Structures are given as structure tokens and as C-alpha cells.
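The values are calculated or read from the model by the stated rules, or taken from the named source; none is laboratory data. Bear in mind the structure is a predicted one, so any value in this text is a computation, not a measurement. Glycine also receives a Cβ, built like all others from the backbone with ideal geometry; neighbour counts cover every protein chain displayed.
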Amino acid sequence: MTNSLQRITESLAERLGRSAAIDDARLRLLAHSSHQGEVDRVRAESVLRRAVPKVVAEHVHACRDGATGLFLVTPREDLGLDDGRIGHPIIHQGALLGFVWLLTSEGPVEGEHHDAARGAASDAALIMHRDFLQAGLDRDREHALIEQLFDGVDTQRATAAAEIIEERLFTMGSCAVLVAEIDRPGGHATDGDQLALASGLAAVRSRRAPQSVLTFERRNQAILITAEPPGPSARDVLIALGVSLRDAVRAASDADECWVGIGRSRSDLAEVTSSYDEAMRTIRVCRRVRTLAPVTPVERLGVYELLGQVPESTLRSMLHPGLRVLMEQGSRSDSLIQTLETFLDSAGDVKAASERLFAHRTSLYYRLRRIQELTGLDLSNGDDRLIAHLGLKIARLVNLETQGK
């Protein structure tokens with residue numbers, strides 16, 4: 001589509017002897033001719049980022065006010081729109097697909113100019129509608145292949161991965177999975193949640209390079225498969241992508257929270273379900289361990305990644321009985337648990353733990369003796385310290401009284 005629209009734009013510019021551009025309905029730049037002289041901030045931003053700020057788009061649509069022919073976009077210096085625009089809507093079967101643009105600074109639009117702009121809009125409408133239909137077919141095909149990739153047996157997954165690459169729906173190379181889930185009491189997603197997840201995926205996908213991302217929706221999940229970015233900061237880039245996905249979903253939802261888990265990269269698209277499983281495990285842990293960030297890659301789970309793979313009933317049976325006694329000390333539990341966890345997190349260093357707790361060493365020693373009396377654990381023994389440390393993590397993971405501490 002881009003090449004065809006570029007030809008229409010350049011032909012219009014050459015015919016009229018002035019610059020021209022074509023945007024989609026959201027004011028994202030699709031094609032533009034060269035421009036002589038200075039350009040205003042909106043034009044420069046549109047060329048560099050292929051998009052304009054929301055307030056500029058709102059001003060354009062307000063100026064159009066439903067017009068189906070030429071209309072004038074008045075300058076707004078406060079928005080960086082120093083030069084007025086003359087626009088012609090690109091409409092097909094009553095649906096607005098985009099705009100053809102000319103600049104007021106290059107002269108009035110009348111007679112031949114008017115006819116040329118209308119003809120360019122008509123030609124662009126046919127191309128954009130055709131590509132919209134083709135994109136729908138491509139998305140249906142993509143959706144079917146991704147379903148097979150996630151739900152098929154190994155041979156089906158390998159076939160689906162090969163066809164996705166062969167049909168150029170996705171680039172070959174390492175990839176990772178991001179999963180977003182909206183937090184609802186009881187896990188019951190609403191129709192609005194499904195729309196918010198789809199909206200978030202669409203927003204993120206529109207900002208990614210073609211063939212670098214695949215998206216898939218389930219009722220309570222937004223699944224994004226993305227090519228691994230190059231360089232040593234690849235994981236940071238994926239975390240930033242996860243933040244963008246979460247922000248886009250939350251902007252379209254009234255839910256209190258949205259969690260995004262990020263699986264490890266895989267070198268083969270057929271193995272992407274393993275990355276998906278890691279992303280889902282990350283979300284399950286983050287929902288319970290609220291000290292973790294709402295956008296978390298699996299490698300940041302630490303020991304929780306291992307514990308998260310153990311059935312909850314087994315985890316509960318693993319909890320040392322002395323720790324249960326400690327958690328049943330009423331109002332004293334919080335202080336003693338915080339003391340124990342800080343001491344263990346400080347690798348048993350009393351000086352470091354007392355500084356972190358803002359407590360005198362004598363007070364810390366007293367609390368540690370009390371903890372040992374209640375639990376029956378010897379905190380000078382490495383195995384007992386490990387039992388205590390893992391026990392606190394288990395208690396948090398299974399939502400016992402250490403939750404949120």
C-alpha cells in the first residue's frame with residue numbers, strides 16, 4: 001500500500017507544483033512528497049514519527065466537522081501548527097480512511113487543484129480499502145496459525161512456525177512472548193476487558209515494525225510475540241514494550257490493575273509456547289507477591305520462579321511449622337517477620353540488618369532470640385536459615401500472613 005500511496009502523492013505534487021501528503025484517519029503519515037523551505041513542528045514530527053499529538057488530531061477533526069470535500073485546518077501556533085492545511089477526506093462507502101493534504105502557504109486550492117485533490121483522494125480510497133480487506137484476511141490467517149502454534153502438538157507447532165515465516169508474517173530469529181492480563185475479583189473478565197486488551201495490542205502493534213510482532217487475543221489475555229531487539233539492552237527494550245502495553249490496556253479499562261509477564265527469548269518460533277508459559281507463571285506470581293512490579297520479566301522472579309512451579313498444596317506442606325507459630329503471634333508477628341526477613345536478606349549480617357531496621361543491635365539480638373524460641377530454628381545454622389528464608393517466600397506466595405510485607 002505504501003508504495004502505491006507514495007506514487008499518488010508524488011503525482012499530485014508534480015501536477016500541482018506544490019507539496020502533498022496522505023495520512024490515515026488517525027493522522028498517521030502514510031506518504032509525502034518533498035517540501036521546499038521551512039516546515040512547522042507538526043509537519044516535522046509527522047515525517048519523523050509518522051504520527052501527530054492527540055491534540056493536533058482533535059483540532060483537525062474539529063475543523064473538518066464532517067466535511068466530505070475540501071476543508072481548511074486553521075493554524076494553531078500553540079500546537080506547533082504554524083501553517084494551515086487544506087485537506088480532502090479519503091472516504092470509501094461512507095467510512096473515513098484518511099486525508100490528502102496540501103499547504104495553504106503554497107497558494108489557494110481551486111479549479112484544477114480541487115479536481116486533482118479529489119481524484120487523488122478517490123484513488124487512495126480504493127487502495128486503502130483493498131489493503132484493509134487484505135489485512136483482514138492476513139489477520140485471520142495469522143490468528144489461525146498462532147492458534148496452531150499455541151494449541152497444536154509438536155509437529156503442528158513446527159508446521160505453523162514454518163508457515164508463519166514462509167508467508168512473511170513474522171521475521172526469522174529469536175523472539176519472546178509478553179502476556180497482559182486484567183486483574184478482576186475472582187478472575188472474571190468482562191466484555192470491556194476484552195476490548196481493552198484488544199485495544200492495547202492494536203496500539204502497541206501500530207508502533208512496531210512490520211513482521212516484528214504477532215498478536216493474539218483470548219478473552220482474558222493479550223498475547224504479544226515480538227522479535228528480540230538487537231544489542232545487550234534487549235531485555236530493557238522488552239520491559240519498556242511491556243510498560244507500553246500495560247499503559248495502553250489501562251487507558252481503555254476501568255480495572256484496578258493490569259499485569260504483564262515477559263518470557264525468555266527463544267531462538268525458534270516453534271518453541272514460543274515455552275516463553276508463553278514463563279510469562280504466565282510470572283503473572284501468577286506477581287498477582288500474589290505484590291512486592292514485584294506489574295511489568296516483570298521471568299528472570300526477575302528469582303526463587304519465586306522455582307517455587308511458582310510447585311503445586312500450592314505441596315508448598316503449604318513444605319512450610320516449617322515453627323514459621324506458622326511465628327505468624328500466629330498477633331500484632332507482634334509483623335515486627336518479628338520483618339526482623340527475620342531483613343536479617344536473612346542481609347545474609348545474616350547483624351550490623352547491616354540493624355541499620356536497615358533502624359534498630360539497636362541489642363534490640364535486634366533480642367528479637368532474633370525470640371524468633372528462635374518461637375520457631376525452633378537455629379539462625380546460626382545455614383540449613384535453618386535457608387529453611388526460614390524459603391519459608392517466608394512460600395508464605396508470601398500462598399497468601400499467608402506475610403503478604404505485602
Residues within region 148-159 that are under 14 Å from Tyr276 (Cβ atoms), in a helix (DSSP H, G or I) and either small (Gly, Ala, Ser) or in contact (Cβ under 8 Å) with a residue 40 or more places away in the chain (or both), tallied: 3
For region 239-268 the number of residues that are over 14 Å from the mean Cα position of the chain (by Cα) and closer than 11 Å to Val177 by Cβ is 3
Considering region 383-405 alone, what residues qualify as being assigned to a helix (DSSP H, G or I), farther than 14 Å from Gly322 by Cα and either of a type in the set (A, V, I, L, M) or at pLDDT 90 or above (or both)? Asp383, Leu397
For Thr2, all conditions in the list (1) modelled with pLDDT under 90; (2) surrounded by 13 or more Cβ atoms within 10 Å (Cβ to Cβ); (3) within 21 Å of Arg208 (Cα to Cα); (4) touching a Leu at 6+ places or on another chain (Cβ under 8 Å) hold save one; what is the number of the exception? (2)
Check region 313-329 and report whether any residue there is of a type outside the set (Phe, Trp, Tyr) and more than 26 Å from Ile371 (Cβ to Cβ). yes
Residue within region 79-100 that is in the same structural domain as Ser33 (by TED's automatic domain parsing), in a helix (DSSP H, G or I) and crowded, with 16+ Cβ neighbours inside 10 Å present: yes
Specify which of the listed residues (Ala234, Ala227) is at pLDDT 85 or above, hydrophobic (A, V, I, L, M, F, W, C), out of contact with any helix residue (DSSP H, G or I) (no Cβ under 9 Å at 6 or more places or on another chain) and within 24 Å of Asp154 (Cβ to Cβ). Ala227
In region 204-214, which residues are at pLDDT below 90 and crowded, with 22+ Cβ neighbours inside 10 Å? Val204
Only residues that are in a helix (DSSP H, G or I), within 14 Å of Ile223 (Cβ to Cβ) and of a type in the set (A, V, I, L, M): list them for region 239-292, please. Leu241, Leu245, Val249, Leu269, Val272, Ala279, Met280, Ile283
Residue by residue through region 253-310, note down the ones that are within 30 Å of Thr159 (Cβ to Cβ) and β-branched (Val, Ile, Thr). Val260, Ile262, Val272, Thr273, Thr282, Ile283, Val298
Which residues, taken from region 316-341, are at pLDDT 85 or above and in contact with a helix residue (DSSP H, G or I) (Cβ under 7 Å, 6 or more places away or on another chain)? Met318, Leu319, His320, Gly322, Leu323, Val325, Leu326, Leu336, Ile337, Thr339, Leu340, Glu341
Out of all the residues in region 380-394, which are of a type in the set (D, E, K, R) and either under 15 Å from Tyr304 (Cα atoms) or surrounded by fewer than 18 Cβ atoms within 10 Å (Cβ to Cβ) (or both)? Asp383, Asp384, Lys393
Could you tell me which of the residues Ala176, Ala240, Ala189 is crowded, with 21+ Cβ neighbours inside 10 Å and under 21 Å from Val285 (Cα atoms)? Ala176
Might you let me know whether region 39-62 holds any residue that is among the charged types (D, E, K, R), surrounded by 15 or more Cβ atoms within 10 Å (Cβ to Cβ), at negative phi and at pLDDT 90 or above? no
Taking Leu377, is it in contact with an Asp or Glu (Cβ under 7 Å, 6 or more places away or on another chain) and outside any helix (DSSP H, G or I)? yes
